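Can you read through this structure? Questions will come right after.
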Amino acid sequence: MRTIKGLAFSLLFMQLLAPLHSLASTVMFTNLSQPGNQYAPDGIGIGSNPFVPGLWNIAATRLIPQLSGVLDAIEVPLANVSGPTNFLAFLMTQTAGQPGTVLESYTLNNVATGNPTPLAAITSLLHPTLTAGTPYWFAVTTGPASFGYWDFTTFQGDASGSPDFATENYLNGLSSAWSIGTGGPTGREGALVVLGSTVPEPHSELLVGIGLLALSLGWRVRKSA
C-alpha cells in the first residue's frame, strides 16, 4: 500500500510541476545575432516621411516560431525622432507570402528617443497561440503624424534585401502593395524577440490524470485496510 501511495505522489508531483515549468516565458523566436543578442545601431525609418508631404510607411518582419505556445510579449528596439511618441504595432498572419490578417494590435505610448535603442517589451493582452513552423509578421509604424526608427538586425553577408522584410507606403491615405525584400538592405530585417509560454504536450496532461488516478487508488486501498 505504501508503495502504491508513494508512486502516486511521485507521479502527481512530477507531472504537476511540468506544466508549471512550461508556462514560464521562453524565447519562441529571435533574429538577433548570437552571442549577446546583437542587433545593428541603424534602422528602417517608419512613419511620416520628412521629405515627402503626405507620405508615410509601415515596416514588417516575418517570424517563424520554433516552439508552439501562447504569446506573452514581443521585444523590439524602437526610437522616436519627431512628432508624438505613440507608435502602432500589429501581429499578423501570412497570406500569399506577405502580411495578412491582424491577430493583435498594440498602441505603444511614450516611445523613447536616442541611440543606441534598447529592446522594449510589448505585452500581449489577447495572448494568441502561435504554432511552431508557421510564418507570422510583426509590423510597426508611427502613423502619418510622427517619424521614428526600428533598428535592423546585424549584417548577415547578403547584399540583397531580405525576403523576411516588407514595407508598405501610404500616400495621402492611399496604400501601395507590400514590397517584399526591398526595404531591408544587405539581408537585414527589423530586430525582434518573441516570448511565449509553451503549450503542455497532450501526453503530459495524460500522465497527470494517471497520477491522480493512482493517488485515488492508494487512498482507497488504505481506507479498505
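Considering only the stretch 155-173, state which residues are at pLDDT 90 or above and assigned to a loop (DSSP other than H, G, I, E, B).
Passing the criteria: only ASP164.
Name the residues in the stretch 118-146 that are touching a strand residue (DSSP E or B) at 6+ places or on another chain (Cβ under 8 Å), modelled with pLDDT of 95 or more and over 20 Å from GLU189 (Cβ atoms), would you?
THR123, SER124, LEU125, LEU126, HIS127, PRO128, THR129
Quick one: would you say ASN31 is within 20 Å of the chain's Cα centre (by Cα), among the polar types (S, T, N, Q) and either loosely packed, with under 13 Cβ neighbours inside 10 Å or modelled with pLDDT under 90 (or both)?
For ASN31, the condition - within 20 Å of the chain's Cα centre (by Cα), among the polar types (S, T, N, Q) and either loosely packed, with under 13 Cβ neighbours inside 10 Å or modelled with pLDDT under 90 (or both) - is not met.
Going through the stretch 133-145 one residue at a time, which ones are over 16 Å from GLN94 (Cα atoms) and surrounded by fewer than 21 Cβ atoms within 10 Å (Cβ to Cβ)?
Once the filter is applied, which keeps residues that are over 16 Å from GLN94 (Cα atoms) and surrounded by fewer than 21 Cβ atoms within 10 Å (Cβ to Cβ), the stretch 133-145 yields GLY143, PRO144, ALA145.
Here is a follow-up. Out of all the residues in the stretch 84-93, which are more than 12 Å from GLY148 (Cβ to Cβ) and surrounded by 17 or more Cβ atoms within 10 Å (Cβ to Cβ)?
PHE90, LEU91, MET92 - these are the residues of the stretch 84-93 that are more than 12 Å from GLY148 (Cβ to Cβ) and surrounded by 17 or more Cβ atoms within 10 Å (Cβ to Cβ).
Sticking with this one: May I ask you to say which residue of LEU125, LEU119, LEU130 is surrounded by 20 or more Cβ atoms within 10 Å (Cβ to Cβ), closer than 20 Å to ALA73 by Cα and not acidic (Asp, Glu)?
Among LEU125, LEU119, LEU130, only LEU130 is surrounded by 20 or more Cβ atoms within 10 Å (Cβ to Cβ), closer than 20 Å to ALA73 by Cα and not acidic (Asp, Glu).
Quick one: in the stretch 96-116, of everything that is free of Cβ contacts under 8 Å to residues at least 60 places away in the same chain and either exposed (fewer than 12 other Cβ atoms within 10 Å of the Cβ) or basic (Lys, Arg) (or both), which residue is farthest from ILE58 (Cα to Cα)?
Among those residues, the one meeting the criterion is GLY114.
Failed condition for GLY183, given (1) part of a loop (DSSP other than H, G, I, E, B); (2) open to solvent by 20 Å² or more (accessible area, probe 1.4 Å); (3) at pLDDT below 85, with all others met?
(2)
If a residue must be under 23 Å from PRO118 (Cβ atoms), modelled with pLDDT of 90 or more and open to solvent by 50 Å² or more (accessible area, probe 1.4 Å), how many such residues does the stretch 37-74 contain?
Going through the stretch 37-74 one residue at a time, the tally reaches 3.
Further, regarding this structure: Can we say ASN57 is of a type in the set (S, T, N, Q), more than 17 Å from ASN169 (Cβ to Cβ) and more than 19 Å from the chain's Cα centre (by Cα)?
For ASN57, the condition - of a type in the set (S, T, N, Q), more than 17 Å from ASN169 (Cβ to Cβ) and more than 19 Å from the chain's Cα centre (by Cα) - is not met.
Here's something else I'd like to know. Considering every residue within the stretch 75-83, establish whether at least one is assigned to a strand (DSSP E or B), small (Gly, Ala, Ser) and surrounded by 17 or more Cβ atoms within 10 Å (Cβ to Cβ).
yes
The values are calculated or read from the model by the stated rules, or taken from the named source; none is laboratory data. This structure is a prediction, so every number in the text was calculated from the model and none was measured. All Cβ positions, even for glycine, are placed from backbone atoms using ideal geometry, and neighbour counts span all protein chains on display. The accessibility values were calculated without ligands, DNA or RNA, using every heavy atom of the protein model including side chains. Shrake-Rupley method; radii C 1.70, N 1.55, O 1.52, S 1.80 Å.
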